[in-house]
Amino acid sequence: MLVVLLGVFAVIGFRAVQKIRAVPDWVEQNQSFLTVTEPKDLERLAKAIEVRTPREWTRPVGSGDGNRTVPFAFDEVNAWLALRLDRVLRNQGISFSGLGGAMLTELDGQLVTTVSHDSGGRLRFYSVFFEVIRAVNDTGAQTQEPAFRLSAIRLGEQSLPLSLISGFIDVTKVKDPVFRDMITDLAAGRAVGPLVLPVDAHRKARIKGFRVTQTGIELDMHVSYNDADASGG
């Protein structure tokens, strides 16, 4: 009996190690994409986001209509992450020792962020799954606006406790207070949303819709003045 139990535990342990070391299919696909795509084309994809996003985010409200939709293709996002992520993290004061890279994709309708980490010369892949739900207003009623909740974390193919996200980033070092509060809420298992983000000193953007497809995401937002009187209306 003891030999049988030891054999069972050995098989379970071996399988657990295999799952931890596994490279998710979507990571292999992204690595292939980054490898076969010419550097000039990766730069073009990254710049497409850098041009389109600020243009739509900051363009004038105009006649009281601040609605706009901004699409993000996963190829664009992942090219941008491959070329710009290190610089952005430094600017935010975020230290992530051993960071190997990051990517975004979709799996079964959920948004997935995967971060690779160099653990003693071997890359490990942490995947964070987000579900998009309906936000709740001040009265406790659901609205049509999106909110985001952490639904799962995996190391390779092995599920991990959701609270582990708080160990990824030292939130006290994140400069942006909005971003810092979002990370804190997600780590605590709370839904984040509706999201209201600053545009500039006078305007804010409220996220009104969020769609995840197999090729990317679409973001609907409404930009308005912080103070209604500032619009002159």
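Across the stretch 187-233, what is the total count of residues that are among the aromatic types (Phe, Trp, Tyr) and at pLDDT below 90?
Residues meeting the conditions: 1.
Looking at the stretch 183-207 only, could you name the residues that are touching a residue at least 12 places away in the same chain (Cβ under 8 Å), open to solvent by 40 Å² or more (accessible area, probe 1.4 Å) and in a helix (DSSP H, G or I)?
Thr184
Could you tell me which residue of the stretch 119-128 is nearest to the chain's Cα centre (by Cα), considering only residues that are surrounded by 13 or more Cβ atoms within 10 Å (Cβ to Cβ) and not polar (S, T, N, Q)?
Per the stated criteria, the residue is Val128.
If Gln29 satisfies every condition in (1) modelled with pLDDT under 85; (2) in a helix (DSSP H, G or I); (3) open to solvent by 60 Å² or more (accessible area, probe 1.4 Å) but one, which is the exception?
(1)
What is the residue count in the stretch 49-77 for residues that are open to solvent by less than 40 Å² (accessible area, probe 1.4 Å), modelled with pLDDT under 90 and acidic (Asp, Glu)?
1
Given the structure, is Thr114 surrounded by fewer than 13 Cβ atoms within 10 Å (Cβ to Cβ) and modelled with pLDDT of 90 or more?
Against the criterion (surrounded by fewer than 13 Cβ atoms within 10 Å (Cβ to Cβ) and modelled with pLDDT of 90 or more), Thr114 does not qualify.
Working only within the stretch 107-122, note down all residues that are of a type in the set (Gly, Ala, Ser) and in a loop (DSSP other than H, G, I, E, B).
Hits for the stretch 107-122 are Gly109, Gly120, Gly121.
So, in the stretch 78-106, how many residues would count as being surrounded by fewer than 15 Cβ atoms within 10 Å (Cβ to Cβ) and either in a strand (DSSP E or B) or at positive phi (or both)?
3
The values are calculated or read from the model by the stated rules, or taken from the named source; none is laboratory data. This one's a predicted model, so the numbers in the text were calculated from it and none came from an experiment. Positions of Cβ are generated from backbone atoms using ideal geometry, with glycine treated the same way; all protein chains shown enter the neighbour counts. The area values use the complete protein model at the heavy-atom level, side chains included, leaving out ligands, DNA and RNA. Shrake-Rupley method; radii C 1.70, N 1.55, O 1.52, S 1.80 Å.
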